[in-house]
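Working notes for the structure below.
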Amino acid sequence: MRAETKERILAALETSFRVAGAENLEQGMALCSRLFESLYRAFEPLKNRKTISAWFDQVPEPGPEDEAMLVACCEMLPTLLRMNVQAFAEELSKTMPHAPGGRPQALSPDAQKEICKFIGQLHSEGVELREAKKRASRKWDVSVRTVQRLWSTRARCAERKFDAKQLMEYLTS
């Protein structure tokens, strides 16, 4: 990986941790590590039937009410997990920054690049800029004003922007 690429990724990571309340990247990573380590320590011994059974051998026999409660918890585990994840998400949403708002983009980043390229190509072939924008507007079925705004910020077309949905799809694929 190039040094510039590494630096951009590290800077973005550090910015995210600062927004989340950490003082720097190291503190943010330490907090994440502690969270994942504690989750791992809690669930690692319970990875299969044999290890769960061995763990049960180490704890005292529960009373009748506790036994009924434990069996009910196990039967309701998916529901309990969902409730806890929702509660955690609600608490997290109070402390973490919200997704950037604003009107959704009429054109995808790929379409924006394509339009800029299309207009540039037409203009290099001798088509007037105004006419090239009109053609792009018709081809992509957007207003001429949308194309004009896009063209006026064409330097930013080269910068790839993603929305939260695209990022989640990338991370979970």
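What follows is calculated from the coordinates using simple rules that are stated; it is not laboratory data. Small disclaimer: the values here were computed from a predicted structure and weren't measured. Methodologically, a virtual Cβ is constructed for each residue, glycine included, from the backbone with ideal geometry; neighbour enumeration extends over all protein chains shown.
Quick check on the range 14-79: take the gyration tensor over C-alpha atoms, sort the square-rooted eigenvalues as a ≥ b ≥ c, and tell me if it's rounded (a/c under 1.5), prolate or oblate.
Values: a/c = 3.64, a/b = 2.53, b/c = 1.44.
It is prolate, given that a/c is not under 1.5 and a/b is the larger ratio.
When the inverse distances between all different Cα atoms of the chain are averaged and flipped, the Kirkwood radius reads 22.0 angstrom. Computed from backbone phi with θ = phi - 60° and the Karplus coefficients 6.51, -1.76 and 1.60, the 3J(HN,Hα) list for the range 36-43 is 5, 5, 5, 5, 4, 4, 6, 9 Hz; x is used for glycine and proline.
When the chain is described by a simple charge dipole with +1 on each Lys and Arg Cβ and -1 on each Asp and Glu Cβ, the residue from Phe17, Ala111, Leu122 located farthest towards its positive end is Leu122. Between Met76, Met96, Met29, the residue with the greatest mean-square fluctuation in the GNM of the chain (Cα pairs under 10 Å linked by springs) is Met76.
Can you tell me the length gained on complete extension of the stretch Phe56 to Lys94, counting 0.36 nm per residue apart and subtracting the Cα distance? Each step should come with its number before you reach the end.
On the way: separation 38, 0.36 × 38 = 13.68 nm, distance 3.76 nm.
Length difference between fully extended and current span is 9.9 nm.
As a quick test, which of the pairs Lys113/Lys133; Lys6/Lys113; Lys113/Lys139 have an alpha carbon distance above 21 angstrom in this structure?
On the way: Lys113/Lys133 14 Å; Lys6/Lys113 25 Å; Lys113/Lys139 14 Å.
Among Lys113/Lys133; Lys6/Lys113; Lys113/Lys139, the Cα-Cα distance tops 21 Å for Lys6/Lys113.
Where is the GNM fluctuation largest for the chain (alpha-carbon springs, 10 angstrom cutoff): Ala68, Ala11, Ala22? Looking only at Ala68, Ala11, Ala22, the largest GNM fluctuation is found for Ala68. Using θ = phi - 60° in the Karplus curve 6.51 cos²θ - 1.76 cosθ + 1.60, the 3J(HN,Hα) couplings for the range 7-13 round to 5, 4, 5, 5, 5, 5, 5 Hz; x is entered for Gly and Pro. 3J(HN,Hα) along the range 112-125, derived from phi through the Karplus expression 6.51 cos²θ - 1.76 cosθ + 1.60 where θ = phi - 60°, amounts to 4, 4, 4, 5, 4, 5, 4, 5, x, 5, 4, 5, 5, 8 Hz, with x in place of Gly and Pro. Of all the options Lys113, Lys94, Lys47, the one that moves most in a Gaussian network model of the chain with Cα springs shorter than 10 angstrom is Lys47.
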